[in-house]
Amino acid sequence: MKKTILILLALLFLTSGCYDYTELNDMAIVSGISVDYENDKFEVAYEILNTINPEDNPEASKVYVTQGSGSSLSEAFSDASLEIAKVPYLAHLKTLVISEEVARNHVKEIIDFLIRDNHIRNIFYLVIAKDTSAFEIINNTDTNNPVASTAIAKLIDSLLFANNIAANLNYEKFVTNIIDPRKDTYASSIEIKNGILKLGPLAIFKGYNMQTFLSEDESATFNVMNGDSKEIHFTVSCPNDEENDIILTTFNNPKSEIKIDENKVKISTEIETRIVENHCKMNFKEIETYESIQKKVEEKLKQDMEEVIKQSIKYDSDILKIKQIYYQKNKKDVDFKLLSYEYEAKAIINRNGLVFEVEQ
């Protein structure tokens, strides 16, 4: 019996190897997609990897772009495919860029359309084009970044080495958040500054609709509150001189927690920091110096946390999943905007391997 099962399994693998099989040279490998909405039409562009052997044509660019439009996404995607003499292959998709108009009014259509394509892997990034069209973003290439979609994905992935304002979630997590009635979602944005692609602040959503962009400081603080921050920078004035300042950077993930007691939400976080730039005329051999700087950092962090919650309440966007936490504890739903909030921040300053911490 076991022998028969093994033979059947072997036959299954052997006979299914050619199902839906397409030669690599017959496929157009799509690395990026842009979606705009103008004049009651969707505008779609594919960023396609050039599979021509560089030795055959050294001057050939690494990508080419095709465009299409239509009154529906299906029409626009089909129209963009007409310019391709190959089968569009979306399993390699790195980045989907959508305009602000699409983010505000047409995300549900995007999700409904993509869910029907079983060739797409949901591990790509969805980003919002800020202050420009999605097409301008996907079409922005240079010698250093010949593939725009890959450059965007690398910008998001390299959070460890930059001020952490991007969203560390892929399309699958984005959709999981958006369809949960007790959560709201968020997404990274991308800008063009001096002709170069640059990460922008987070966009926050209520349901399927984008509401606004946070500021860069608010985006970084949200990632701290969410416990998902690799590195952010703090600039605070010197304790003994308001005209000069000191810059610190965090390291390690913050220890963040949200607790709800009746109708009170307590948001606490603990960060480890080190000084990276100092303009203060203070005695840095004394622990009192670090105590006073630590207090400044904690005050600023609490203020920044409060600003994030203000924006969340203003736009009815529960990006910190307060409703879900409340429901898990109380087994009933709540309007998170009606709860009261308090904040607790703790900073630990590391100097040359020595940690100075003030007991509260």
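Taking R0 as 25 Å, what's the FRET efficiency between D142 and H92 from their Cβ-Cβ distance, rounded to 0.05?
0.70
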Taking the beta-carbon count within 10 Å as an exposure proxy, list D142, D79, D318, D40 from fewest neighbours to most. D40, D142, D79, D318
PRE reach from D112 (point 7 Å along Cα→Cβ): which of segment 171-201 fall under 18 Å by backbone N? 175-176, 178-180
Tell me the label-point distance for the pair E299, R274, using the 7 Å Cα-to-Cβ offset, in nm and rounded to one decimal. 2.7 nm
Cα→Cβ-extended label distance, 7 Å offset, between L82 and T235, nm: 5.1 nm
Go through segment 233-239 residue by residue and turn each phi into a ³J(HN,Hα) via Karplus (6.51, -1.76, 1.60, θ = phi - 60°); whole Hz please, and just put x for glycine and proline. 10, 10, 10, 10, 6, 5, x
Report the equivalent ellipsoid semi-axes for segment 86-229 in whole Å, largest first, defined as the square roots of five times the eigenvalues of the gyration tensor built from alpha carbon atoms. 21, 21, 14
Among beta bridges that DSSP assigns inside the chain, antiparallel share in %, nearest 5: 65 percent
Reviewing (1) 0.97; (2) 1.20; (3) 1.07, the figure for Cα Rg over 2.2 N^0.38 Å actually calculated from this model sits under (2)
Can you tell me the orientation of helix 2-16 relative to the chain, as the angle in degrees between its alpha-carbon axis and the longest Cα principal axis, to the nearest 10? 80 degrees
Label E75 and K41 with points 7 Å out from Cα along Cα→Cβ: what is the distance between them in nm? 0.9 nm
About its Cα centre, what dipole magnitude does segment 95-250 give when the only charges are +1 on Lys and Arg Cβ and -1 on Asp and Glu Cβ, stated in debye to the nearest 20? 740 debye
Least to most buried among L320, L169, L338 (fewest other Cβ within 10 Å first): L338, L169, L320
Most fluctuating residue of V224, V87, V97 in a GNM of the chain with Cα springs under 10 Å: which is it? V87
For segment 228-356, the percent of all C-alpha pairs falling in each 5 Å bin, from 0 up to the bin holding the max distance, is 2, 10, 19, 19, 15, 12, 9, 7, 5, 2, 0
Calculated from backbone phi, Karplus (6.51, -1.76, 1.60) coupling profile of segment 147-152 in Hz, x at Gly/Pro: 10, 4, 4, 5, 4, 5
Report the local net charge at D36: Lys and Arg +1, Asp and Glu -1, summed over other residues whose C-beta lies under 11 Å from its C-beta. -4
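Taken together, the values in this text are just the output of simple stated rules run on the coordinates, not laboratory data. As the structure is a computational prediction, the values presented were derived from the model and not from experiment. Positions of Cβ are generated from backbone atoms using ideal geometry, with glycine treated the same way; all protein chains shown enter the neighbour counts.
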